[in-house]
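What follows is a short report on a single structure.
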Amino acid sequence: MFSVRSTSRRRDWRSSALRATFVVLGGVVVFRLFILQVVSAGYYQQLSSNQHGFYEELFASRGDIFVRDWVDGKEYLAATTERRALVYADVRHVENAEATAKALATILRIPIQLTVPDPASAALPEATEYETLLARLSKKDDPYEPLARDIDEDTAERVKDANLAGIGISYEEARFYPEKNIGGHIFGFLGVDSEGTKIGQYGIEGFEQDFLAGVNGFIESQADTAGQWIGVGTRTLSSAVDGGDLLLTIDRTIQYTACKYLAEGVREFDADGGSIVILEPSTGRVIAMCNTPDYDPNDYGNVESISVFNNGAIMSSYEPGSVMKPLVMAAAIDSGAIAPTTTFDDPGEVQVDDRTIRNSDLKAHGIQTMTQVLENSLNTGMVFVMRKMGGEKMATYLENFGLGKVTGIELDTEVPGTLESLKDGAEIYYATASYGQGVTTTTLQMASAYAALANGGMLMQPYIIEERRYDGGAVVPTTPRAVRQVISQKTATTIGAMMVSVIENGHGSRAAVPGYYIAGKTGTAQVASSEGGYQTDHTIATFAGFGPVENPQFAMVVTLDRPRSTEWAESSSALIFHNVAEFLLEYLQVAPVRDI
């Protein structure tokens with residue numbers, strides 16, 4: 001028989017167990033609520049937003065780039081964005097691979113050709129474009145096979161109209177460069193970064209990425225369970241701002257002609273490459289800028305080396321050689337150290353510290369005026385000039401001409417060159433710099449310095465963007481900017497006359513243009529070796545000048561890298577200069593001032 005006390009204990013135990021169970025369950029619930037509302041709150045808020053929110057990014061349209069023929073004022077698209085098509089196949093639904101391939105080949109203008117084996121060769125012949133197309137359409141159970149990219153809309157519509165089973169079309173915006181052979185280095189291209197985002201690279205596309213790209217917008221709103229907008233719900237709209245358009249200073253006709261003559265010269269003189277820069281002296285406007293080898297921005301992936309993307313006119317610094325001499329001579333005249341008629345007795349060589357400096361022709365020329373020093377391009381004469389002026393003063397003038405620092409041109413990416421050796425104070429560095437060795441510059445920097453000689457001694461800021469045209473309609477032209485007065489007007493006139501004499505009587509005769517007075521100077525520079533000293537088989541041939549000297553319309557520098565058929569600038573780059581200058585004077589309708 002059970003006692004009342006034992007029965008009560010059992011009831012107490014059961015009550016305690018039940019209470020404990022509820023406490024545990026309550027704790028679990030509280031803990032779970034803590035996890036949901038505190039620890040994982042962000043996740044569930046985002047989940048709710050995804051289920052009941054609508055978000056769409058609004059993509060800005062990339063701006064266009066224009067060039068102009070400045071004579072007639074007509075503008076031409078140099079870079080634009082087009083809607084292009086991709087033709088693809090879901091091979092699982094292709095009913096007849098051969099019939100489909102032939103139909104597509106006809107629309108896409110692919111020759112229907114089959115390879116013919118060569119009995120004399122054991123190698124398998126390369127498949128034709130048609131055979132490659134047929135092979136892709138013959139892949140069994142392939143849900144996606146791209147067939148043709150970068151197709152214009154008219155062709156895409158013809159593919160649609162053919163109603164071929166298993167063939168589809170998708171569209172995307174693609175960057176297109178209509179102007180061929182006028183200098184890919186200026187424009188750059190629209191590439192893809194490591195995250196797959198399209199981004200401008202090199203040239204204008206790279207330097208002006210933010211301006212051209214614009215700013216994307218977005219729409220954010222509440223949505224129902226079907227993903228549709230709720231009319232009475234909150235909505236946020238941030239409109240996209242399209243990228244602006246750019247009009248370049250480049251003259252389309254001059255650019256095309258300069259690039260053509262440069263490419264022909266590189267081939268004729270068997271050079272590794274070359275650059276040409278043409279500036280308007282009075283403003284600093286870049287009229288033309290070319291490099292060889294060039295590339296097609298529409299097909300930028302088809303290059304042997306990414307080094308081809310480098311704009312040699314601004315990204316490659318080199319020792320300029322004797323084209324430096326007119327700048328140093330101008331500095332010495334401006335400082336009052338010499339005059340054009342100042343003479344010195346040329347012994348053919350001069351001792352500086354423990355080095356012997358000789359003339360390039362290894363000859364002694366006797367009594368020479370400063371004009372003859374330029375005509376005969378005498379290294380010894382330039383050491384004489386440097387010593388009369390002083391090395392530190394020469395270095396200051398060269399810095400004022402803009403050497404050793406970037407010009408600020410709106411292109412990606414520019415290097416500064418260097419005058420660093422002149423900070424050492426050693427006379428040997430001043431001496432070699434006086435004839436263009438031991439210091440480095442770029443083709444653009446040298447063109448800018450020569451433009452200063454042509455512009456009465458005033459250095460102008462080089463620029464390549466004529467106008468910025470904003471999405472809202474505002475147009476902001478570039479205002480030419482004077483950097484500094486480097487030499488006086490009188491000195492500029494004097495050095496211009498001396499440089500005319502270089503072409504008339506000296507090493508620059510092949511750059512002459514009948515009917516005009518052209519100022520210029522040759523420069524054949526050795527290339528430094530990584531092992532010290534200079535390479536024996538590598539020179540850079542430069543011709544720099546401007547004209548007509550009485551009213552300069554252009555300043556131009558032509559460089560050739562390692563010309564093999566002739567190492568001298570007077571026989572190579574001077575001829576390219578002549579061809580372009582002759583065209584320029586006719587194109588710009590500059591009347592001759594002397595008998596032809």
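Quick notes on this one:
- Spacing of the two label points (7 Å from each Cα toward its C-beta) at Ala240 and Ser565, in nm: 5.1
- Between the beta carbons of Gln535 and Thr115, assuming R0 = 41 Å, the FRET efficiency works out to 0.30 to the nearest 0.05.
- Extension gain, Glu131 to Asp424: 0.36 nm times the residue separation minus the Cα-Cα distance gives 98.8 nm.
- FRET efficiency, Ala591 to Asp154 (Cβ-Cβ, R0 51 Å, nearest 0.05): 0.60
- Charging the Cβ of each Asp and Glu at -1 and of each Lys and Arg at +1, and nothing else, the dipole of region 65-244 about its Cα centre rounds to 220 debye.
- As a proxy for reagent exposure, Phe211, Phe59 were ordered by neighbouring Cβ count within 10 angstrom, fewest first; the result is Phe59, Phe211.
- The listed peptides 414-425, 344-355, 539-550, ordered by packing as a protection proxy, come out as 539-550, 414-425, 344-355 (highest mean of other Cβ atoms within 10 Å first).
- Candidate lysines - alpha carbon under 17 Å from Lys405, same-chain residues fewer than 8 apart omitted: Lys423
- Projecting the Cα atoms of Val67, Gly533, Ile306 onto the dipole axis of the chain, where Lys and Arg carry +1 and Asp and Glu carry -1 at the beta carbon, places Ile306 farthest toward the positive end.
- Farthest positive-ward along region 65-244 dipole, Cα basis, beta-carbon charges - from Leu137, Gly188, Ile219: Leu137
- The chain: calculated mean residue ellipticity at 222 nm from DSSP helix runs of at least 4, using -39500 (n - 2.57): -10000 deg cm²/dmol
- Structure note, pairs Lys102/Lys140; Lys198/Lys260; Lys160/Lys180: Cα-Cα distances above 20 angstrom occur for Lys198/Lys260; Lys160/Lys180.
- Extension gain from Asn310 to Thr197, taking 0.36 nm per residue of separation minus the Cα-Cα distance: 38.5 nm
- For region 478-596, a simple Cβ point-charge model (Lys and Arg +1, Asp and Glu -1, everything else neutral) yields a dipole of about 400 debye relative to the Cα centre.
- Its relative contact order, with pairs defined as Cα atoms under 8 Å and 6+ residues apart, puts the chain at 14 percent.
- Gain upon complete extension [Glu82, Asn298; 0.36 nm per residue less C-alpha separation]: 76.6 nm
- The residues packed around Ser138, meaning those with a beta-carbon under 14 Å from its beta-carbon, carry a net charge of -2 if Lys and Arg are +1 and Asp and Glu are -1.
- Each of Leu362 and Ser61 was given a label point 7 Å from its Cα along the Cα-to-Cβ line. The distance between the two points is 6.7 nm.
- For region 65-244, the relative contact order works out to 23 percent when only alpha carbon pairs closer than 8 Å and six or more residues apart are counted.
- Order of Tyr470, Tyr318, Tyr430 - criterion: other Cβ atoms within 10 Å of each residue's Cβ, fewest first: Tyr470, Tyr318, Tyr430
- Estimated FRET transfer efficiency (Ser509, Phe218; beta-carbon r; R0 60 Å; 0.05): 0.35
- Sum of side-chain charges, Glu375 neighbourhood, beta-carbon under 13 Å (Lys, Arg +1; Asp, Glu -1): -2
- The spacing between region 242-313 and region 344-397, judged by their C-alpha centroids, is 35 Å.
- Cβ-placed point charges (K, R +1; D, E -1), dipole of the chain about Cα centre in debye, nearest 20: 2760
- For region 113-207, applying the loop criterion from DSSP together with a ceiling of 10 other beta carbons within 10 Å to the chymotrypsin sites (Phe, Trp or Tyr not before Pro) yields Tyr144.
- Inverse of mean 1/r across different Cα pairs in region 65-244, Kirkwood, Å: 20.7
- Reachable lysines, given that their alpha-carbon falls under 27 Å from the alpha-carbon of Lys363 and they are not under 8 places away in the same chain: Lys325, Lys388, Lys521
- Once the Cα atoms are used to define both axes, helix 97-108 deviates from the longest principal axis of the chain by about 40 degrees.
- Debye-formula intensities of the chain, expressed as log10 I(q)/I(0) at q = 0.06, 0.08, 0.13 Å⁻¹, are -0.48, -0.71, -1.27 (one equal scatterer per alpha-carbon, no solvent).
- 0 to 90° range, to nearest 10: angle between helix 153-162 axis and the chain longest Cα axis: 40
- Between helix 325-334 and the chain: long-axis angle, C-alpha atoms, 0 to 90°, nearest 10: 70
- Here the simple spin-label model places points 7 Å from the Cα toward Cβ, and for Gln351 and Glu75 these points are separated by 6.7 nm.
Only the coordinates and a few stated rules stand behind these numbers; no lab work does. Given the structure is predicted, the values throughout are model-derived calculations rather than measurements. Counting neighbours? That spans all protein chains shown, and the Cβs are built from the backbone with ideal geometry, glycine included.
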